[in-house]
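Trainee: Okay, here's the structure, questions in a sec.
The values are calculated or read from the model by the stated rules, or taken from the named source; none is laboratory data. Only a predicted model underlies this, so the values are computations on that prediction, with no experimental measurement involved. So basically every Cβ, Gly included, is an ideal-geometry build from the backbone, and we count neighbours across all protein chains shown. Areas reflect the complete protein model, heavy atoms only, side chains present, ligands, DNA and RNA absent. Shrake-Rupley method; radii C 1.70, N 1.55, O 1.52, S 1.80 Å.
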Amino acid sequence: MKKIGVLTGGGDAPGLNAVIRAVVKTAQNDYGCEVLGIRNGYDGFLNPDGLIPLGQDEVRGILPRGGTILGTANRGNPFARKVVRDGVEVVEDTSGEVIAAIHRLGLDALVVIGGDGTLHISQELYERGVPVVGVPKTIDNDISGTEVTFGFDTALTTATEAIDKLHTTAESHHRVMVLELMGRDAGFIALHSGVAGGADVILIPEIPFDYERVAEKVRRRQQVGRHFSIIAVSEGAKPSDGEQVFWKDGDEVYVPRLGGIAQKVGEYVEKATGSETRVTVLGHLQRGGTPTPFDRWLATRYGSSAVRLAAAGGFGRMVALRNAQIVDIPLLESVSALKRVDVNGDAVRTARAIGISFGDD
Ligand code: F6P
């Protein structure tokens, strides 16, 4: 193995830089291998300034930094890329150009650090002969085959701190506080931070809720003298008789943007209970900032293991965490289905057992 590429794709997550650093150090120290950084996801293969050689100097000091020094792109799908032709915006399949660039550059492997979307694209490129190795990234923790993705622990920490802060002001003002959290179709951030922060109600996409059940929980607390409540809502949560709430439609390139369910919950609860209610949307604060020690540790192990996997010729595979050990699994296994909260698992049962309502009981 003489030369490998590394790219980051999809939404950023704390720990991306830690993976890049581990890839560069392991490749150089253990294999004497050159590393080429690809800027802004797969787009970097198509742009004139899209490539950057990475050595020890380029990765010095980046371990605690959030974001990604390589940049990333949510719309960076080479199979459906927006380009301007004769002044008109069109969507084109540019995968042939990307594959040609990878071969022209003489890359022996391409380490792709990405979430569900980027790993899907990588599987398709692998099927067309690209020597891809995957690293699972996302704050949502929704990638199958791995117990945890890096970035999740940092998002969880930020979300829990937010719930802690909402608690003190909620209690002082005798208010209901509704907090909208990220996660798309998986409720891990809301569930874990809701339990860790002592929320009274947790609404997640996997358990459709009833507005009246949510209000009922708040009323029950009022009756026993608890004149404040905390409701943690996953952005993808939906009522049993309704749909998820989006603030922006998608198109051939962008996925639809979830958002707005917390506002609806807040309005209903205020009307139904008479409690003054406030809504907070935590948004991208969950994605930014310095990674937690756990995420740095996991990201470093993932990055280093990905290089070893590439050296062993483990293409079309992804590093994963199972039983606290790094293993590798087929990319196909990880992208075949989204990982979601097990509604009958111990986490949900524990939350119910300590009195948290999911708005369904
Ligand atoms: O997948 C990560 C994530 O942060 C989701 O939780 C969220 O729905 C989405 O990305 C937001 O994407 P964007 O940054 O493009 O608005």
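Trainee: Out of the residues in the range 50-86 that are touching a residue at least 40 places away in the same chain (Cβ under 8 Å) and of a type in the set (S, T, N, Q), which is surrounded by the fewest Cβ atoms within 10 Å (Cβ to Cβ)?
Mentor: So the residue we want is Asn74.
Trainee: Which of the residues spanning the range 322-331 are in contact with a Phe, Trp or Tyr (Cβ under 9 Å, 6 or more places away or on another chain) and surrounded by fewer than 19 Cβ atoms within 10 Å (Cβ to Cβ)?
Mentor: Matches in the range 322-331: Ile326 only.
Trainee: Now for a different question. Looking at the range 1-19, which of its residues are within 12 Å of the ligand (Cβ to nearest atom) and farther than 14 Å from Leu119 by Cβ?
Mentor: Asp12, Pro14
Trainee: Look at the range 191-233 and say how many of its residues are touching a Gly at 6+ places or on another chain (Cβ under 6 Å), assigned to a helix (DSSP H, G or I) and of a type in the set (A, V, I, L, M, F, W, C).
Mentor: 1
Trainee: OK, next. What residue, among those in the range 253-273 that are open to solvent by less than 50 Å² (accessible area, probe 1.4 Å), within 17 Å of Glu243 (Cα to Cα) and part of a helix (DSSP H, G or I), is farthest from the ligand (Cβ to nearest atom)? Full working, then the answer.
Mentor: In the first step, residues of the range 253-273 are kept if they are open to solvent by less than 50 Å² (accessible area, probe 1.4 Å); the result is 253, 258-262, 265-266, 269, 272-273.
Within this subset, residues satisfying the condition of being within 17 Å of Glu243 (Cα to Cα) are 258-262, 265-266.
Going one step further and asking which of them are part of a helix (DSSP H, G or I), we end up with 261-262, 265-266.
Working: Ile261: 12, Ala262: 13, Val265: 17, Gly266: 19 Å.
Looking at residues that are open to solvent by less than 50 Å² (accessible area, probe 1.4 Å), within 17 Å of Glu243 (Cα to Cα) and part of a helix (DSSP H, G or I), I get Gly266.
Trainee: Across the range 87-112, what is the total count of residues that are modelled with pLDDT of 90 or more and out of contact with any Leu (no Cβ under 9 Å at 6 or more places or on another chain)?
Mentor: 12
Trainee: Right, something else. When both residues are 6+ apart or on different chains and their Cβ atoms are under 7 Å apart, which pairs have a first residue that lies in the range 87-103 and is closer than 19 Å to Glu127 by Cα, and a second that is part of a strand (DSSP E or B) and not aliphatic (A, V, I, L, M)?
Mentor: That search, which allows pairs on different chains as well, returns Thr94/Arg81.
Trainee: Filter the range 134-171 down to the residues that are closer than 21 Å to Ala18 by Cα, assigned to a helix (DSSP H, G or I) and touching a residue at least 60 places away in the same chain (Cβ under 8 Å) and list them by number.
Mentor: Those that are closer than 21 Å to Ala18 by Cα, assigned to a helix (DSSP H, G or I) and touching a residue at least 60 places away in the same chain (Cβ under 8 Å): Phe152, Asp153, Thr154, Ala155, Thr157, Thr158.
Trainee: Right, something else. Scan the strands (runs of 3 or more DSSP E) fully inside the range 274-361 and keep the ones with 2 or more residues being of a type outside the set (Val, Ile, Thr). Break it down stepwise before answering.
Mentor: On the way: elements: 277-281, 317-322, 325-330.
Where strands (runs of 3 or more DSSP E) fall fully within the range 274-361 and carry at least 2 residues being of a type outside the set (Val, Ile, Thr), they are 317-322, 325-330.
Trainee: Okay, moving on. Kindly list the number of the only condition in (1) buried (at least 19 other Cβ atoms within 10 Å of the Cβ); (2) in a helix (DSSP H, G or I) that fails for Gln28.
Mentor: Failing condition for Gln28: (1).
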